[in-house]
Amino acid sequence: MRFALLLAGLAVFVAPGVAAADCARPAAVCEEAVAGALALIDDGVPLPVLADDGDAPAVLHAAQDLRDDLAAVAGAPAPDRGNGPTAIIAGTLGRSLRIDRIVRERGIDTGGVAGRWEAYLLQVVDDPEPGIDRALVVVGADRRGTVFGLYELSRRIGVSPWTWWADVPPPRRTALHAAPGRFVDAPAVRYRGIFINDEDPALGGWLRETYGGADHRFYERVFELILRHKANYLWPAMWVPRAFYDDDPRNAELADEMGVVIGTTHHEPMMRAHAEWETHGAGPWDYARNGEALRRFWRRGIERMGDREGVVTLGMRGDGDEAMTEGTATALLERIVADQRRIIAGVTGRRPQDTPQVWALYKEVQDYFDAGMRVPDDVTLLFADDNWGNLRRLPEPGAQRPGGYGVYYHFDYVGGPRNYKWINTTQIERTWEQMRLAYAHGVDRLWIVNVGDIKPMELPTSFFLDQAWDPGAMTLERMSAYPAAWAAEQFGPAHADAIGEILTRYTQYNARRKPELLSADTWSLDNFDEADRVLAEWDDLEARTRRLRAALPQARHDAYYQLVEYPVLASANINRLYVAVARNRQYALQGRASANAWADEAERLFARDAELARVYEEDIAGGKWIHMMAQPRIGYTHWQQPPRNVLPALSRVDVPEAAAMGVALEGDPRGWPVVAETAALPPLDPLGAPTRTLTVFNRGARPLRYTATASAPWLRVLPAAGEVDDEQALRVEVDWAAMPPGTDEAHIDLLGSDRTEVHVRVPVSAPASGAGMHGFVESDGHIAIEAPHHARAVATDGLAWQTIPHLGRTLAGVTAWPAVAASRPPGDDGARLEYPVTLREAGEVEVRVVVSPTLDYRNRGGLRFGVSLGETEPQVVALRFDPTPGHPDFQAWQRAVSDGVHVVTSRHRVEAGPQTLTLWHIDPGVVFQRIEIVRGPLRPSYLGPPESVRR
């Protein structure tokens, strides 16, 4: 079997088993040798890795990691250097005498490397120096360029960046070869990194148990994780009272030695952790009243940074990550920034613009920017998302400033409308779509993402950092293939596609509604079989996950549990738990005897949640990850987490001995009979609803017998009689060919052995003829369409319509690209998506367009698109929601991020028969997920009705 990791300009992996042509790409690493290849491992013996002692400490550290990685893959260490004929030689231009000599004497082309930020070159070189016949040379433009070249090789030989953090064992290989040729790479985004945040109780508990605190031993692992992803930047853990510099003076020293750039968060200016104010500050955290003390405090932060690389955060927020003042304190903040820059210049003895600085436009600071506040052009403007993965603002396309632009993004958050910290709920498809928008608007100076506890955000963290390396190379196709490629890196190629599909699905299902937001009311028990459909998806995913575990070698089980199995099993379990609670509560209200069994099931599932976490913390990896799943996730009642997991309230019923019949109807939560009311099923029709369901249930302990009689020979109910211990579902169906023309109703009479009677109306709605029907056909008063299922996608003015697979709650997202295209009014021959539909009758309908919750990042009053139905003029509609508390559209934003979508509505007068629904492009950035055409009230559900029949 051939093994290769081809990065092709960014960290997107080609799984083992690639074609021979791929193994011939410059510096590709494969088991089989191509012509001119250099053996990195030969008969189980790896090459030595050589680096000058005078090179940067970061290079020497990475070189040792590569030695260890090669030894782990080969199963044996490299022999002593001696005078072997082949080697890996690494070094930094201008810092390594050996590399400078090889470049000069062997005439190595350093074009595209020399003088380029963090660039590196991989090349097999003949006779690089006396005593060495051939070598794979790693040449860095600077210290991190060399480091990244070394870690690039580690990934190419099969060592995952998560080898320590997720216990991913390196593959064993007796032979590996590096192809000849010249491979050059460099990042497109200058600073790329992570923010460890909200790290208690999970990571914090693990830290205390493992290291006693956030000391340099912990940060050495963090720095290595960052560098293995070819990233360079960190906002350290800051959950009070953590302070990177105070907790261990060795932390900052080690960061510099390993080559990691340290910054501080959006509310920790001037390289000071906010927790340090408690121990080193004096007086209130208030610049207007205590400016001198704050300036002294900040000056010490810059002094302590010294000559080490850093990015200094400017500005100020209120104490405890809150707004500094009521309203927009623009003048005060401008004065603070000016004073901070004077401190920087005074301490460093250089111009302030010679020290990298960032101003984070986070939360209310965005309002200052919108109100006209500006900082010097050499300061990086760090735009932010809304804490839920939706970018709030972006620069105008083509805007230039020496300090450039950045983005602060979130995979974890503490705040409203609900904390989400426990498990990965991020679709990489959404991250890709939003960060692609950012890059298209010129955001290439700094990308930082809040990863919470680091675990279990492994997949989106890898993706974010890999995309940040070269956003332009992360095409739609590469993004779509990423889960399988990432799975190949962790588990090998044999099952990579299947594992990648599981990763894609569990994140899609979790992103529908984050687990912390789930409740007994989320999934409908009564309409569209929603709860059963959702659980069936989780059941299928869990079954596939278990089968794949059995197919993997034992050595990969620990990693599999962390990266795949636990996220799937625990997420499936929590969905089952809330559906069990919902059934218990509803069945108790209906008087079902089975309500108590569902209470027992909820308690069992609650206990299973704890057991799954216990396995994670105690059984896998020898108990290495103790406390790591301590984050509460069950029993939220408001935005803040409960102190511990809390089982939702359950109901129990006293069950009489005698049998008693009850009936439940599809679309109705009540238990029948109901005094003075007539039971009715939703309408049946031959296209959208050929069958309906009603359930006979027992309210007593003894078995119940029932009979069901239809009023017409063309109406069937199956089974028509039987004995019920708990419940029996009955299928109601129509023989449409036998139904007399004009019929619109029948009924079913149910009789229990306890003499209870329930009479059920059965409306039917059959079209006079199927002739002339086209496209999606109205049924049950609605049409539901998945956005990718358009009949035509008309692209004009340089636009192209793209389908982003799996993005969103149901199928996929559709958007227009490029994102910097000009807006244009709808109509004429403009860009549009067309959906043929057939409506049953004339009248007024509501069109509901379900879109991803993209914010008004252009600050123009909401992203717009057009909607037309039939021959009418397009109506212009807009996405209007805002994350600013007190804003008129704040509640709409809370709904949008909780639901994962925003629904835009318009009303239209229609004629009966075939016509076309059209979505018109106006503003870029809109992502369509589905469309619903609704006539009258639509039975409630979370995901909406299944897609309509298409003729």
| said: Can you tell me how many residues within the stretch 438-482 are in contact with a strand residue (DSSP E or B) (Cβ under 7 Å, 6 or more places away or on another chain), buried (at least 22 other Cβ atoms within 10 Å of the Cβ) and either at pLDDT below 95 or over 24 Å from Arg221 (Cβ atoms) (or both)? | reply: 2
| query | Across the stretch 23-61, which residue is nearest to Tyr151 (Cα to Cα) among those that are in contact with a Cys (Cβ under 9 Å, 6 or more places away or on another chain) and β-branched (Val, Ile, Thr)? | reply | Val29
| said: Going by what's in this entry, would Thr803 be described as in a strand (DSSP E or B), in the same structural domain as Arg930 (by TED's automatic domain parsing), free of Cβ contacts under 8 Å to residues at least 24 places away in the same chain and out of contact with any His (no Cβ under 8 Å at 6 or more places or on another chain)? | reply: yes
| query | List pairs: first in the stretch 537-559 and within 14 Å of Ile499 (Cβ to Cβ), second modelled with pLDDT of 95 or more and of a type in the set (Ser, Thr, Tyr), Cβ under 7 Å, 6+ apart or cross-chain? | reply | Leu541/Tyr506; Arg549/Tyr560; Leu552/Tyr560
| note | Note on the stretch 221-241: residues modelled with pLDDT of 95 or more and over 22 Å from the mean Cα position of the chain (by Cα) are Arg221, Phe223, Glu224
| task | Could you tell me whether Arg242 is assigned to a loop (DSSP other than H, G, I, E, B) and among the basic types (Lys, Arg)? | result | yes
| said: Quick test for you: out of Gly291, Gly283, Gly346, pick the one residue that is surrounded by fewer than 21 Cβ atoms within 10 Å (Cβ to Cβ), outside any helix (DSSP H, G or I) and of a type in the set (Gly, Ala, Ser). | reply: Gly283
| query | (1) closer than 24 Å to Thr905 by Cβ; (2) at pLDDT below 95; (3) within 35 Å of the chain's Cα centre (by Cα): which one isn't true of Ala831, the others all being true? | reply | (2)
| task | From Gly406, Gly500, grab the single residue that is small (Gly, Ala, Ser) and in a strand (DSSP E or B). | result | Gly406
| query | Tally time: how many residues in the stretch 598-614 are surrounded by fewer than 15 Cβ atoms within 10 Å (Cβ to Cβ) and in contact (Cβ under 8 Å) with a residue 12 or more places away in the chain? | reply | 1
| Quick check, is Leu381 within 27 Å of Leu254 (Cα to Cα) and within 34 Å of the chain's Cα centre (by Cα)? | no
| request: With the checklist (1) part of a strand (DSSP E or B); (2) under 30 Å from Ile933 (Cα atoms) in hand, flag the one item Gly772 doesn't pass. | output: (1)
| query | Ile262 is checked against (1) surrounded by fewer than 20 Cβ atoms within 10 Å (Cβ to Cβ); (2) modelled with pLDDT of 95 or more and fails just one. What number does that condition carry? | reply | (1)
| Selection within the stretch 498-541 - basic (Lys, Arg) and under 22 Å from the mean Cα position of the chain (by Cα) | Arg505, Arg512, Arg513, Lys514
| field | Tally of residues being within 18 Å of His177 (Cα to Cα) and either without any contact (Cβ under 8 Å) to a residue 60 or more places away in the chain or surrounded by fewer than 21 Cβ atoms within 10 Å (Cβ to Cβ) (or both) across the stretch 80-122 | value | 5
| query | Among (1) without any contact (Cβ under 8 Å) to a residue 40 or more places away in the chain; (2) outside any loop (DSSP other than H, G, I, E, B); (3) touching a helix residue (DSSP H, G or I) at 6+ places or on another chain (Cβ under 8 Å), where does Asn645 come up short? | reply | (2)
| task | Report yes if some residue within the stretch 480-503 is under 25 Å from Thr637 (Cα atoms), β-branched (Val, Ile, Thr) and not assigned by TED's automatic domain parsing to the domain that holds Pro169; otherwise report no. | result | no
| query | Just for the stretch 234-251: of the residues that are in contact (Cβ under 8 Å) with a residue 24 or more places away in the chain and surrounded by fewer than 19 Cβ atoms within 10 Å (Cβ to Cβ), which one is nearest to Phe464 (Cα to Cα)? | reply | Trp239
| query | For residues in the stretch 647-663 being closer than 13 Å to Arg592 by Cα and touching a Phe, Trp or Tyr at 6+ places or on another chain (Cβ under 7 Å), which is surrounded by the fewest Cβ atoms within 10 Å (Cβ to Cβ)? | reply | Met661
| message | Can you report the number of residues in the stretch 688-736 which are among the basic types (Lys, Arg), part of a loop (DSSP other than H, G, I, E, B) and out of contact with any Lys or Arg (no Cβ under 7 Å at 6 or more places or on another chain)? | response | 1
| request: Considering only residues that are assigned to a helix (DSSP H, G or I) and of a type in the set (Asp, Glu), look in the stretch 364-387 and name the one that is surrounded by the fewest Cβ atoms within 10 Å (Cβ to Cβ). | output: Asp370
| request: Determine the pairs where a residue that is touching a residue at least 12 places away in the same chain (Cβ under 8 Å), located within the stretch 496-522, has a partner that is of a type in the set (Asp, Glu) and surrounded by fewer than 20 Cβ atoms within 10 Å (Cβ to Cβ) with Cβ atoms under 9 Å apart, the partner being 6 or more residues away or on another chain. | output: Arg505/Glu537; Arg505/Asp540; Tyr509/Glu537; Arg512/Asp899; Arg513/Asp899; Leu517/Asp899
| said: Based on this model, can you work out whether Val762 counts as in a strand (DSSP E or B) and either under 24 Å from Asp532 (Cα atoms) or in the same structural domain as Asp526 (by TED's automatic domain parsing) (or both)? | reply: yes
| request: Counting only residues that are among the hydrophobic types (A, V, I, L, M, F, W, C), under 25 Å from the mean Cα position of the chain (by Cα) and modelled with pLDDT of 95 or more, give me the strands (runs of 3 or more DSSP E) lying completely in the stretch 843-951 with at least 2 of them. | output: 843-851, 902-910, 927-934
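The values are calculated or read from the model by the stated rules, or taken from the named source; none is laboratory data. Here the structure is a predicted model, which means the values were calculated and not measured. With ideal geometry, Cβ positions are generated from the backbone for all residues, glycine too; neighbour counts draw on all protein chains shown.
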